[in-house]
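Notes follow once the structure below has been shown.
The values are calculated or read from the model by the stated rules, or taken from the named source; none is laboratory data. None of these values were measured; they are calculated from a predicted model. Positions of Cβ are backbone-derived with ideal geometry, glycine not excepted, and every protein chain shown enters the neighbour counts. What goes into the accessible areas is simple: the full protein's heavy atoms, side chains included, and nothing from ligands, DNA or RNA. Shrake-Rupley method; radii C 1.70, N 1.55, O 1.52, S 1.80 Å.
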Amino acid sequence: MSVEVDLLLQEAKESIEAAQNYRSELQQRLHGLNQARKQIRGSSGQAREALKRHFTELQAAAGRLLSERLAGLLAEVDAIEADSIKPLDDCQSLIEHGVGQADELLREGEAALRCGLGEKEDKLGSFTKKALHIQLDSLPEVPALVDVPCVSAQLDDSLLSLLRDRVSRHGCVSSHPPVQIEELQERPGSVLVRWCKVDEDFAAADYRLQYRRSGSGGSQYEDAYIGRDCEFLVLHLDPHTDYLFRVCARGEGRTEWSPWSIPQTGYTTLAAHEWRSGTEGYILSSRKNIALRNDSSQGRSTVLYSNAPTYFCGQTLTFKISAAGQLSRLDSLGVCIDAQSGEESLQRDQAVCISTNGAVFVNGKEMTNQLPAITVGSAVTFDMEVVNLLPISNNNLSEGGHFKLRVTIGSGNREVVFDWLVDQAVDCLFFGCSFVHSGWKVLVF
């Protein structure tokens, strides 16, 4: 009987645990539904506000433009009217002055006819002289109606149809942005962001990537990339810090950007690659990720190593050349097992590298395959993955030849792939560079 009770108790416990897990899963799905509802309502509210704000501003701007145009046209009418009325006013003044002289002459003539014989001769003589002086046969010219302006307004009714057509196609509402972030990969001191189109009918000409710190109320998004690529490595990020990333696109032949994608949170746990301070012949940037070969040790090459073995297998290590000096066969960019001091180049044992002339060296031996020569703008990449020749145990870890790394070195549009035999199991390596001549400037990430 006790066995049956124990079985029932066990079944009850399992049922309770299953019910708890079931409830937990349902609660998580409820939370997901609430987040989805919040996103829909929140984005809908933002879209409404954006539409109202835009069309209110558009209405105000259109009204202002129409008022300005109306004022300009009315000013033209006023100017034409004033310029045309002035000659008529001058002619009217001249005619009214003549009418006044004629009235006065008439009064004098009538008075001369009514006066007595003793005064008639004098008054008639004075009247005759005055009449001759006035020139009663001279009349001012009054312009014909066809010669004076007849002001009118010409209005093109097609503007309203054009405006109606443009307004009917102005703006759009979409339920999803045409592009979304697809993947966030952590890199040393950086995050590789990849995105893709989700609207196949949208022809993208450019993409725009922005980022900002997460949880910072005053932090504003800033541009990280604008271009045609669908991925970008965002550098100079603090480890163990959340960042928000978003992307949008611009259609072919358009000037406006599409709606932003849903922001995605990304971070890196890996410290940024840094060059080692204090190496003679090199000047470092404040972040120690850029090294400049100076002329303090001109003619004598010294290897500049990383501050620590921060390159892990499975990652991509990139050297970007932003300035170049004179080429030398001893120049090198690469990775190594250890940071041996006093070395002039990485063309040695326990290291793989590429020279500035494109030659590839493995453990100090030059390969037959060669890459393009390194110049300004070149990006040299190293990718490594672990390949074991034999099962590795604690007994044979120290035995040589039991561990190899598959190395891929890329430069320009070419790459070489080879297996690098090492004497010990490694998962992190140093990186380094050496230049005989000054002027070389290299960024590592």
(request) Give the accessible area for Lys38 in Å² (nearest 10); use a 1.4 Å probe, count only protein heavy atoms, and leave out ligands, DNA and RNA. (result) 140 Å²
(message) Using only the alpha-carbon atoms of the chain as identical scatterers, what base-10 log of I(q)/I(0) does the Debye formula give at q = 0.09, 0.11 Å⁻¹?
(response) -0.87, -1.03
(message) Along the charge dipole of the chain, pointing to its positive end and built from +1/-1 on Cβ of Lys, Arg, Asp and Glu, which listed residue (Gln350, Ala272, Leu209) has its Cα farthest out?
(response) Gln350
(request) Whole number please: convex hull volume per residue, Cα atoms of the range 24-169, in Å³. (result) 149 Å³
(request) With θ set to phi - 60°, apply the Karplus curve 6.51 cos²θ - 1.76 cosθ + 1.60 along the range 368-383 and write out the HN-Hα couplings as whole Hz, x wherever there is a Gly or Pro. (result) 6, 6, 9, 9, x, 5, 7, 9, 4, x, 5, 10, 9, 10, 10, 10
(message) Placing unit charges on C-beta atoms (Lys and Arg positive, Asp and Glu negative, everything else neutral), compute the dipole magnitude of the chain about its Cα centre in debye, rounded to 20.
(response) 1240 debye
(message) Given R₀ = 25 Å, what would the calculated FRET efficiency be for Ala47 paired with Leu159, taking r from the Cβ atoms and rounding to 0.05?
(response) 0.25
(message) Test of the criteria: in the range 231-285, which GluC sites (Glu not before Pro) are in a DSSP loop and have at most 10 other Cβ atoms within 10 angstrom of their Cβ?
(response) Glu252, Glu256, Glu280
(message) I need the fraction of alpha carbon pairs in the range 179-268 separated by more than 20 Å, rounded to a whole percent.
(response) 31 percent
(request) Counting other Cβ atoms within 10 Å, keep those with at most 11, restrict to DSSP loop, and tell me which chymotrypsin sites (Phe, Trp or Tyr not before Pro) in the range 242-321 are left. (result) none
(request) Can you tell me the dipole magnitude for the range 176-266 around its Cα centre, using point charges on the Cβ only (Lys, Arg +1; Asp, Glu -1), in Debye to the nearest 20? (result) 200 debye
(message) Checking the cross-link filter: which lysines have an alpha carbon closer than 19 Å to that of Lys441, excluding same-chain neighbours under 8 positions apart?
(response) Lys288, Lys320
(message) Can you list which of the DSSP-assigned H helices in the chain have a Cα extent of 18 Å or more along the long axis and an average Kyte-Doolittle score of at least -1.0?
(response) 2-114, 117-134
(request) Might you work out the accessible area of His54 for me, using a 1.4 Å probe with all protein chains in place, and round it to the nearest 10 Å²? (result) 80 Å²
(message) Using a 1.4 Å probe on the protein heavy atoms, what percent of the accessible area of the chain belongs to carbon and sulfur?
(response) 53 percent
(request) Would you be so kind as to identify which of Leu235, Trp195, Gln220 lies farthest towards the positive end of the dipole of the range 179-268, taking Lys and Arg as +1 and Asp and Glu as -1 on Cβ and the Cα centre as origin? (result) Gln220
(message) Which one, Ala60, Leu73, Ser43, is farthest towards the positive end of the dipole of the range 24-169 when Lys and Arg carry +1 and Asp and Glu -1 on their Cβ?
(response) Ser43
(request) Provide Ser168, Ser24 ordered by accessible surface of protein heavy atoms (probe 1.4 Å), highest first. (result) Ser168, Ser24
(message) How many angstrom lie between the Cα centre of the range 251-287 and the Cα centre of the range 299-378?
(response) 23 Å
(request) Calculate the dipole size of the range 24-169 relative to its Cα centre from +1 charges on Lys and Arg beta carbons and -1 charges on Asp and Glu beta carbons; express the result in debye to the nearest 20. (result) 2120 debye
(request) Please arrange Cys150, Cys248 by accessible surface area, largest first, computed with a 1.4 Å probe and ligands excluded. (result) Cys150, Cys248
(request) Report, in deg cm²/dmol and to the nearest 500, the calculated mean residue ellipticity at 222 nm for the chain, where each DSSP H run with n ≥ 4 adds -39500 (n - 2.57) and the sum is divided by the residue count. (result) -12000 deg cm²/dmol
(request) Give me the accessible area per residue for the chain, probe 1.4 Å, as a whole number in Å². (result) 64 Å²
(message) If I model a spin label as a point 7 Å beyond the Cα along the Cα-Cβ vector, how far apart are those points for Ala62 and Ala36 in nm?
(response) 3.8 nm
